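Undergrad: Just passing along the structure, written as structure tokens.
No value in this document is a laboratory result; all are computed from the given coordinates. These figures come from a predicted structure and were not determined experimentally. So basically every Cβ, Gly included, is an ideal-geometry build from the backbone, and we count neighbours across all protein chains shown.
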Amino acid sequence: MKLNKKVIIITSVAILIIIAIIFAFFMKNANKNLNIGNNLNNKTLQEVEEYILNISSYETEVEVSIESNKNKTKYLLIQKYVSPNIEKQTVKEPSNIQGLETIYDGNKLTIHNSKLNLTTIYENYPYLTDNYIWLHSFIEDYRNAKSSGEKTKLYEENNQIIMEVELSQGTPYVASKKLVIDRITGNIQKLIVQDKNQKNLVYILYNEIKMNSLKKEEVLAFRLQENNIAQY
């Protein structure tokens, strides 16, 4: 009888140890996911700014609204980026171009239309840094403006950290860009591109974003199927 009690006690202790290890494992992973957000409460505006400017890769789902004088067009996109110039974008909405992929590998641009079963490849395609719907385009503009002494703003408002840059070069229609970061969670919330009258031209809402964990090989993981391929 004493032996059975001893076995039960040892088994119970072993189970408690296993539960504790599992709990610690999940808490460790959870803390990794919350690490940026928790740290932002203790970071200065300049430290947050430095973190944003040093983002080397990201994967995000964004809702993009592009406004013109006549209408507003909305897109739901998956964007992947690895510094300095690796990009992949997949359209989820609207339905008429759903699945459309554009991939830039630093040299050639590949456009894959799954609905038309068509792939077009442009060799030696020049890299465009002034694409307003990409986060790293804002980062590049902000960094360049700051280093050249041009106007940038960094401030906090309503539990939001805001980074702004005025564009002295580029199109005459685009005057500024504004990146909004949640102070509590550390998440990038939105990117706004405005004209000189502060009218929104592009409004980007970040549904989710993962930063500094994506690799070049993951972005360029694309297999050409047996379909129509056009090269230029």
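Undergrad: Would you work out if segment 66-130 is rounded, prolate or oblate? Take a ≥ b ≥ c from the square roots of the eigenvalues of the alpha-carbon gyration tensor; rounded if a/c is under 1.5, else prolate when a/b is larger than b/c, oblate otherwise. Before the final figure, lay out each step's value.
TA: On the way: a/c = 1.93, a/b = 1.33, b/c = 1.45.
Since a/c reaches 1.5 but b/c is at least a/b, the shape of segment 66-130 is classed as oblate.
Undergrad: Now a separate question. Taking segment 134-173, which trypsin sites (Lys or Arg not before Pro) meet the DSSP loop condition and have no more than 13 other C-beta atoms within 10 Å?
TA: Details: sites: 143, 146, 151, 153; in loops: 151.
Loop-located and lightly packed - 151.
Undergrad: So if I place +1 on the C-beta of Lys and Arg and -1 on the C-beta of Asp and Glu, and nothing else carries charge, what would the dipole magnitude of segment 174-224 be about its Cα centre? I want it in debye, nearest 20. Let's see the in-between values first.
TA: On the way: 10 positive and 5 negative charges, 32 e Å.
Here segment 174-224 has a charge dipole of around 160 debye.
Undergrad: In this model, which of 72/178; 115/199; 43/215; 108/199; 72/190; 80/151 are farther than 24 Å apart at the alpha-carbon? Numbers along the way, then the final one.
TA: Details: 72/178 19 Å; 115/199 35 Å; 43/215 27 Å; 108/199 35 Å; 72/190 17 Å; 80/151 29 Å.
Where the Cα-Cα span goes over 24 Å, the pairs concerned are 115/199; 43/215; 108/199; 80/151.
Undergrad: From the Cα gyration tensor of segment 136-183, with a ≥ b ≥ c the square roots of its eigenvalues, which class applies: rounded if a/c is under 1.5, or else prolate if a/b is larger than b/c, or else oblate? Spell out each step's value before the answer.
TA: Values: a/c = 2.19, a/b = 1.78, b/c = 1.23.
Prolate is the answer for segment 136-183, as a/c is 1.5 or above and a/b outweighs b/c.
Undergrad: Let me ask something additional. Starting at the first residue of segment 67-77, write each ³J(HN,Hα) from the Karplus equation 6.51 cos²θ - 1.76 cosθ + 1.60 with θ = phi - 60°, in whole Hz, x for Gly and Pro.
TA: 10, 10, 5, 9, 7, 10, 10, 10, 9, 10, 10
Undergrad: What is the sum of charges around residue 200, taking Lys and Arg as +1, Asp and Glu as -1, for the other residues whose C-beta is under 12 Å from the C-beta of residue 200?
TA: On the way: positive: 72, 177, 178, 190, 199; negative: 67, 195.
So the surrounding residues net to +3.
Undergrad: Once fully extended, how much extra length lies between residue 93 and residue 67, figured as 0.36 nm per residue of separation less the alpha-carbon to alpha-carbon distance?
TA: Numbers: separation 26, 0.36 × 26 = 9.36 nm, distance 1.66 nm.
Net length gain for the segment: 7.7 nm.
Undergrad: From the backbone phi of segment 162-169, what are the Karplus-calculated ³J(HN,Hα) couplings (6.51 cos²θ - 1.76 cosθ + 1.60, θ = phi - 60°) in whole Hz, Gly and Pro given as x?
TA: Rounded to whole hertz, the list is 10, 10, 10, 9, 8, 9, 8, 10.
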